[in-house]
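The values are calculated or read from the model by the stated rules, or taken from the named source; none is laboratory data. Since the model is a prediction, treat every value here as computed from it, not as a measurement. Please note: Cβ atoms are built from the backbone with ideal geometry, for glycine as well, and neighbour counts cover all protein chains shown.
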Amino acid sequence: MADFHFARYMFTQANKYGAKSAIRYRNIDSNIWQKKSWDAFAEEIDIVAHALAQMGLKESDKAGQFSQNMAENLVVDFALYSNRAVVIPIYATSSVDQVSYILNDSQLEFLFVGEQQQYDVACEARKKAPTLKHIIAFDQHIQFSESDKDISIYYSDLLALGASKPKHELVEKRRSEANDNDLGAILYTSGTTGTPKGVMLMHSGFHHAMVNHQQRLTSLSDKDLSIAFLPLTHVFERLWCYLCLYLGIEIAINLRPTDIQATIKEIRPTCMCAVPRFWEKVYIGIKDNLSHYSAFMLGVVTWAIAIGKKYNVDYLRNGKKPHWWLRTKYHIADKFIFSKVKLTLGIENGNIFPTAGAALSDHITLFFRSIGIPICYGYGLTESYATVCCFDYTHYEIGSLGTIMPGLEVKIGEDNEILLKGETVCKGYYNRPDVNAVAFTEDGFFRTGDAGYIKGNTLYLTERIKDLFKTSNGKYIAPQQIETLLTTDKYIEQVAVIGDQRNYVTAIIVPNIPALKEYAQKNSITYQTDEELLDNPKIYEYIEKRIKKLQANMAHFEQIKKFTLIKKGFAIETGELTNTLKLRRAIIQQRYAKAIDAMYEPSTHGFVVK
């Protein structure tokens with residue numbers, strides 16, 4: 001493995017797998033799934049690499065990918081690595097200001113864009129970014145602007161350029177000289193506060209991440225089939241897809257997040273990265289279906305889940321072999337209950353489903369593990385090449401973040417901060433010596449900003465340090481834990497917990513309006529508009545009742561005393577969410593300051609922001 005480098009490795013894989021499918025993707029025009037073999041994948045990488053060299057791409061040049069998930073994203077990544085150039089992924093939903101900041105900070109010269117929206121934003125951003133020389137459009141239907149058509153080219157024309165001319169000798173030289181010390185990618189973290197920071201990921205880190213994950217996730221093989229569901233801009237999906245290609249696993253590219261349910265049912269994956277909210281919604285959907293069951297059938301399902309827990313969690317999780325009678329009962333439960341659930345969802349072939357990015361409620365993890373859906377919960381950061389720790393196949397602890405990855409040193413510092421050191425920890429932030437000076441401890445450990453503790457080799461998270469707040473009564477509140485709990489309710493979509501230096505905890509809640517409409521219809525609650533529905537005292541009281549039940553086991557000082565319902569959800573476009581869907585609390589508190597202040601008036605109960 002000393003010679004491993006992503007500049008060369010895709011060609012090694014092509015020699016090994018040849019006509020086997022490497023990637024599946026939907027044709028933009030026909031919406032039909034198409035396959036790209038390993039041979040074709042490697043050939044396209046080579047063509048794009050030579051075309052870019054002919055266009056003037058130099059070693060260490062920066063090239064951006066501003067696109068939703070497309071097969072071309074992966075081709076371009078490895079074409080850039082073939083030239084020892086640096087990949088800079090940009091979220092497809094990014095604004096003009098966000099894009100122009102990244103263009104200027106990285107001095108980016110080449111930018112690949114997905115569809116018309118990204119092209120238009122790129123053209124606007126170019127007005128503030130003089131270094132941008134080339135825009136390459138993946139979608140053939142993009143209309144080039146008059147002012148930018150001189151620097152715009154379609155991806156199909158790039159392929160034609162690369163295929164029509166003799167191979168550029170520079171590419172072969174660069175590919176052969178590529179080494180672990182090369183900078184591979186700069187991933188800009190959107191951040192809940194402050195200016196975006198460009199995390200520098202080296203090829204040495206990619207190399208070690210592949211080896212470490214192969215060591216940990218031993219059930220994965222080239223027989224698996226994955227879906228790229230999360231944005232490839234996100235380190236979680238990006239490194240997962242790299243691992244899939246490293247192991248010869250075929251990847252089906254999901255173009256739009258809204259298509260994921262259809263994609264899963266069509267592809268029937270064995271593995272797929274997801275965020276907790278995905279599984280929360282699946283869980284809520286299953287619970288909703290169960291509410292329509294007869295008492296007898298509900299009893300059967302409850303029995304099956306109890307058997308599943310004993311089999312999968314009490315026995316297999318602890319490395320114990322289930323006795324024959326438990327195996328028999330589990331076979332019955334699986335055949336008549338669990339297999340039907342998995343078949344309906346499209347995950348009956350499930351091998352492993354890595355899940356990270358936010359907290360996942362213990363009872364949801366327990367439920368899916370009990371019915372035989374192998375969620376592999378974990379924790380990581382962009383700065384740690386994704387995974388810090390994740391569930392092992394046995395002896396994992398529900399409620400933990402999993403066991404620490406091989407080759408990574410983790411310790412707990414001041415304020416219980418989780419500190420990291422190892423080959424899969426970034427070297428720092430691009431162009432940010434000021435941040436780098438405080439990002440690491442004196443002995444070289446990276447400061448995660450998360451608080452936690454370690455038991456044995458298992459890591460536990462208590463809270464994001466900067467999200468922790470103290471009430472005026474001196475009680476510390478961990479808002480994410482409360483928010484995670486509340487969003488397991490089918491009537492609640494999003495929550496922002498409030499209470500810093502206040503005498504009790506409140507919340508801004510985005511309700512699930514379609515679910516509330518269904519409830520209103522069943523309970524003869526009349527309304528003309530969504531605002532009227534949310535303003536109805538019966539609706540408020542119903543949600544209040546459900547919240548009280550959810551937080552019954554919480555400490556009194558942690559419980560939400562009042563809440564405000566808002567019709568419009570928190571969104572990336574309006575600045576309330578980061579591109580990784582984390583709350584920008586300062587913006588939310590500023591935007592809803594009037595409503596928040598009102599919840600601390602003695603006379604108010606809670607109300608709707610219209």
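So which residues in segment 531-549 are closer than 15 Å to LYS490 by Cβ and either surrounded by 13 or more Cβ atoms within 10 Å (Cβ to Cβ) or in contact (Cβ under 8 Å) with a residue 24 or more places away in the chain (or both)? Full working, then the answer.
Initially, segment 531-549 is screened for residues closer than 15 Å to LYS490 by Cβ, giving 539, 542-543, 545-547, 549.
Result: ILE539, TYR542, ILE543, ARG546, ILE547.
Kindly establish whether LEU326 is aliphatic (A, V, I, L, M), surrounded by 13 or more Cβ atoms within 10 Å (Cβ to Cβ) and modelled with pLDDT under 95. Give the derivation first.
Working: aliphatic (A, V, I, L, M): yes; surrounded by 13 or more Cβ atoms within 10 Å (Cβ to Cβ): yes; modelled with pLDDT under 95: no.
Considered against the rule, which asks whether it is aliphatic (A, V, I, L, M), surrounded by 13 or more Cβ atoms within 10 Å (Cβ to Cβ) and modelled with pLDDT under 95, LEU326 comes out as no.
Going by what's in this entry, would ILE151 be described as under 24 Å from LEU581 (Cβ atoms), of a type in the set (A, V, I, L, M) and out of contact with any helix residue (DSSP H, G or I) (no Cβ under 7 Å at 6 or more places or on another chain)? Break it down into steps so the answer makes sense when it comes.
Details: under 24 Å from LEU581 (Cβ atoms): no; of a type in the set (A, V, I, L, M): yes; out of contact with any helix residue (DSSP H, G or I) (no Cβ under 7 Å at 6 or more places or on another chain): yes.
No, not satisfied.
Among the listed residues LYS538, LYS545, LYS582, identify the single one that is of a type outside the set (Val, Ile, Thr) and in contact with a Ser or Thr (Cβ under 8 Å, 6 or more places away or on another chain). Break it down into steps so the answer makes sense when it comes.
Values: LYS538 fails: in contact with a Ser or Thr (Cβ under 8 Å, 6 or more places away or on another chain); LYS545 fails: in contact with a Ser or Thr (Cβ under 8 Å, 6 or more places away or on another chain).
Selected residue: LYS582, the only one of LYS538, LYS545, LYS582 that is of a type outside the set (Val, Ile, Thr) and in contact with a Ser or Thr (Cβ under 8 Å, 6 or more places away or on another chain).
Out of all the residues in segment 1-22, which are over 24 Å from SER164 (Cβ atoms) and in contact (Cβ under 8 Å) with a residue 24 or more places away in the chain? Can you show your working first?
First pass over segment 1-22, keeping only residues over 24 Å from SER164 (Cβ atoms): 1-6, 8-9, 12-13, 15-22.
Selection gives MET1, PHE4, HIS5, PHE6, ARG8, TYR9, GLN13, LYS16, TYR17, LYS20, SER21, ALA22.
Can you name the residue in segment 563-594 that is outside any loop (DSSP other than H, G, I, E, B) and touching an Asp or Glu at 6+ places or on another chain (Cβ under 9 Å) and, of all such residues, is surrounded by the fewest Cβ atoms within 10 Å (Cβ to Cβ)? Steps first, answer last, please.
Here is the first cut: in segment 563-594, the ones outside any loop (DSSP other than H, G, I, E, B) are 563-566, 577, 583, 585-591, 593-594.
Retained after the next criterion (residues that are touching an Asp or Glu at 6+ places or on another chain (Cβ under 9 Å)): 563, 565, 583, 585, 587-589, 591.
Numbers: PHE563: 26, LEU565: 25, LEU583: 22, ARG585: 19, ILE587: 17, ILE588: 21, GLN589: 15, ARG591: 18.
Across segment 563-594, the extreme among qualifying residues is GLN589.
Taking the condition of a type in the set (Gly, Ala, Ser), within 26 Å of HIS331 (Cβ to Cβ) and either touching a helix residue (DSSP H, G or I) at 6+ places or on another chain (Cβ under 7 Å) or not in a strand (DSSP E or B) (or both), does GLY372 pass?
On the way: of a type in the set (Gly, Ala, Ser): yes; within 26 Å of HIS331 (Cβ to Cβ): yes; either touching a helix residue (DSSP H, G or I) at 6+ places or on another chain (Cβ under 7 Å) or not in a strand (DSSP E or B) (or both): yes.
When the stated conditions are applied, GLY372 passes them.
Among (1) modelled with pLDDT under 95; (2) hydroxyl-bearing (Ser, Thr, Tyr); (3) touching a strand residue (DSSP E or B) at 6+ places or on another chain (Cβ under 8 Å), which single condition is SER30 missing?
SER30 satisfies every listed condition except (3).
Between a first residue in segment 245-270 that is touching a residue at least 12 places away in the same chain (Cβ under 8 Å) and not assigned by TED's automatic domain parsing to the domain that holds LEU581 and a second residue that is part of a helix (DSSP H, G or I) and of a type in the set (D, E, K, R), which pairs have beta carbons less than 8 Å apart while being 6 or more apart in sequence or on different chains?
What qualifies is GLY248/LYS16.
Here is a list: ILE539, ILE525, ILE482. Which entry is in contact with a helix residue (DSSP H, G or I) (Cβ under 9 Å, 6 or more places away or on another chain), part of a helix (DSSP H, G or I) and more than 27 Å from THR365 (Cα to Cα)?
On the way: ILE525 fails: part of a helix (DSSP H, G or I); ILE482 fails: more than 27 Å from THR365 (Cα to Cα).
Within the list ILE539, ILE525, ILE482, the selection yields ILE539.
Looking at ALA552, is it under 28 Å from the mean Cα position of the chain (by Cα), of a type outside the set (Phe, Trp, Tyr) and surrounded by fewer than 14 Cβ atoms within 10 Å (Cβ to Cβ)?
Numbers: under 28 Å from the mean Cα position of the chain (by Cα): no; of a type outside the set (Phe, Trp, Tyr): yes; surrounded by fewer than 14 Cβ atoms within 10 Å (Cβ to Cβ): yes.
When the stated conditions are applied, ALA552 does not pass them.
Restricting to segment 455-479, give me the number of residues that are assigned to a helix (DSSP H, G or I) and touching a strand residue (DSSP E or B) at 6+ places or on another chain (Cβ under 8 Å).
3
Hey, any hits in segment 89-110 for a residue that's in the same structural domain as PHE11 (by TED's automatic domain parsing), in contact with a Cys (Cβ under 8 Å, 6 or more places away or on another chain) and either at positive phi or buried (at least 24 other Cβ atoms within 10 Å of the Cβ) (or both)?
So the first thing to find is which residues in segment 89-110 are in the same structural domain as PHE11 (by TED's automatic domain parsing), and the list is 89-110.
So of that shortlist, the ones also in contact with a Cys (Cβ under 8 Å, 6 or more places away or on another chain) come out as none.
No, that holds for no residue.
Restricted to segment 411-429, and to residues that are closer than 17 Å to ILE186 by Cβ and out of contact with any Asp or Glu (no Cβ under 7 Å at 6 or more places or on another chain), which residue is surrounded by the most Cβ atoms within 10 Å (Cβ to Cβ)?
Restricting attention to segment 411-429, the residues satisfying the condition of being closer than 17 Å to ILE186 by Cβ are 424-429.
From the residues that got through so far, the ones that are out of contact with any Asp or Glu (no Cβ under 7 Å at 6 or more places or on another chain) too are 424, 427-429.
Details: THR424: 30, LYS427: 16, GLY428: 19, TYR429: 20.
Among residues in segment 411-429 that are closer than 17 Å to ILE186 by Cβ and out of contact with any Asp or Glu (no Cβ under 7 Å at 6 or more places or on another chain), the one surrounded by the most Cβ atoms within 10 Å (Cβ to Cβ) is THR424.
For segment 200-230, give me the residue count where each residue is assigned to a loop (DSSP other than H, G, I, E, B) and not hydrophobic (A, V, I, L, M, F, W, C).
Residues of segment 200-230 that are assigned to a loop (DSSP other than H, G, I, E, B), as a first pass: 217-224, 229-230.
Adding the requirement that they be not hydrophobic (A, V, I, L, M, F, W, C) leaves 218-219, 221-224.
Residues that pass the stated criteria total 6.
For segment 49-67, enumerate the residues that are under 28 Å from the mean Cα position of the chain (by Cα) and crowded, with 22+ Cβ neighbours inside 10 Å. Let's see the steps before the verdict.
Narrowing segment 49-67 to residues under 28 Å from the mean Cα position of the chain (by Cα): 60-67.
Those that are under 28 Å from the mean Cα position of the chain (by Cα) and crowded, with 22+ Cβ neighbours inside 10 Å: LYS62, ALA63, GLY64, GLN65, PHE66, SER67.
Could you give every pair whose Cβ atoms fall below 7 Å, whose first residue belongs to segment 124-142 and is assigned by TED's automatic domain parsing to the domain that holds LYS58, and whose second residue is in a loop (DSSP other than H, G, I, E, B) and surrounded by fewer than 18 Cβ atoms within 10 Å (Cβ to Cβ), counting only separations of at least 6 or pairs across chains?
Pairs that qualify, where the first residue is assigned by TED's automatic domain parsing to the domain that holds LYS58 and the partner is in a loop (DSSP other than H, G, I, E, B) and surrounded by fewer than 18 Cβ atoms within 10 Å (Cβ to Cβ), are ARG126/ASP148; THR131/GLN107; HIS134/MET55; ILE135/ASP148; ASP139/ILE28.
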